[in-house]
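> Submitted below is the structure of interest, expressed as structure tokens.
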Amino acid sequence: MKYKRRQTIAVLCLTPLLFIMFSCAELSEFLENSDQVRPLTESEVVSGLKEALQVGASRAADTASQPGGFLENADLFIMFPPEARRGENTLRDLGFNSLVDDFITTLNRAAEEASKQAAPVFRAAVREMTIQDGFEILRGEPNAATEYLRRTTSGELHTLFKPVIEDALAGTMATRHWNDIVTQYNRIPFVQPVETDLASYTTTRATNGLFMLLEEEERAIRKDPIKRTTDVLRRVFGHPSLAAE
């Protein structure tokens with residue numbers, strides 16, 4: 001009898017506690033959902049977009065500048081200049097595979113080295129973003145943020161990258177490889193001589209590859225909640241008004 005009485009008392013004591021616990025959980029969920037439903041403010045939009053760009057740009061620059069960032073990535077891999085592709089095939093047919101392979105490796109290594117310079121340029125462009133830019137990006141295409149940075153940084157990146165790539169190509173003997181390749185090819189009777197600005201070609205491919213990585217990061221942040229690593233990213237990119245559009 002005493003045992004049953006103690007059980008009854010325990011149940012009576014635990015019931016309010018359980019009620020409070022469940023109520024707190026429900027309240028927490030309610031507050032979280034309410035935060036999502038609450039309209040986005042201008043400052044939240046701009047903060048969210050700036051943070052998304054900073055995160056995406058940093059990841060893209062880090063990936064591109066790693067050893068193998070271009071050389072081992074099929075999407076970014078820099079091949080023989082298109083206008084010299086026929087020359088590449090001819091040289092390989094003549095047994096110059098090693099020379100051609102060494103040259104292609106140096107192009108990709110140079111792009112990886114130049115990509116180390118990208119992050120500060122991206123950060124500067126992000127600081128200049130306006131409220132109007134923020135809303136246009138937020139409600140724009142899945143690559144709208146990438147296109148914003150492409151518009152605002154391409155020229156500066158090209159100017160910054162080119163001397164780095166020139167030094168990298170010279171330091172890895174790429175220029176010598178290229179001159180050897182062109183010389184060997186241009187000696188072949190009846191071929192169209194090849195003339196290519198190697199540094200400009202590599203610089204253009206390097207910047208394009210960087211923006212390709214940035215676009216992948218942007219799409220991931222927009223689509224995948226796991227990629228929204230901060231509260232402001234979750235708040236802005238998880239907002240119902242975005243999903244409704």
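> Anything in segment 19-68 that is of a type in the set (Ser, Thr, Tyr), modelled with pLDDT of 80 or more and either in contact with a His (Cβ under 6 Å, 6 or more places away or on another chain) or farther than 19 Å from residue 148 by Cα (or both)? List them, or say none.
Hits for segment 19-68 are 63, 65.
> Now, a different point. Return the residue satisfying two criteria in turn: it lies in segment 73-90 and is within 16 Å of the chain's Cα centre (by Cα) and under 17 Å from residue 105 (Cβ atoms), and of such residues it is surrounded by the most Cβ atoms within 10 Å (Cβ to Cβ).
76
> Filtering segment 146-162 down to residues that are buried (at least 16 other Cβ atoms within 10 Å of the Cβ) and of a type in the set (Val, Ile, Thr), which residue is farthest from residue 109 (Cα to Cα)?
For segment 146-162, the residue satisfying everything is 152.
> What helices (runs of 4 or more DSSP H), lying completely within segment 91-169, carry at least 1 residues that are touching a residue at least 60 places away in the same chain (Cβ under 8 Å) and closer than 18 Å to residue 66 by Cα? Break it down stepwise before answering.
Working: elements: 97-114, 118-127, 131-138.
The helices (runs of 4 or more DSSP H) meeting that bar are 97-114, 118-127.
> Let me ask something additional. Can you confirm whether residue 75 is in a loop (DSSP other than H, G, I, E, B), of a type outside the set (A, V, I, L, M) and out of contact with any Cys (no Cβ under 9 Å at 6 or more places or on another chain)?
It is true that residue 75 is in a loop (DSSP other than H, G, I, E, B), of a type outside the set (A, V, I, L, M) and out of contact with any Cys (no Cβ under 9 Å at 6 or more places or on another chain).
The values are calculated or read from the model by the stated rules, or taken from the named source; none is laboratory data. All figures in this text were calculated on a predicted structure; none of them were measured in a lab. Neighbour counts are summed over all protein chains in view; Cβ atoms, including those assigned to glycine, are modelled from backbone coordinates with ideal geometry.
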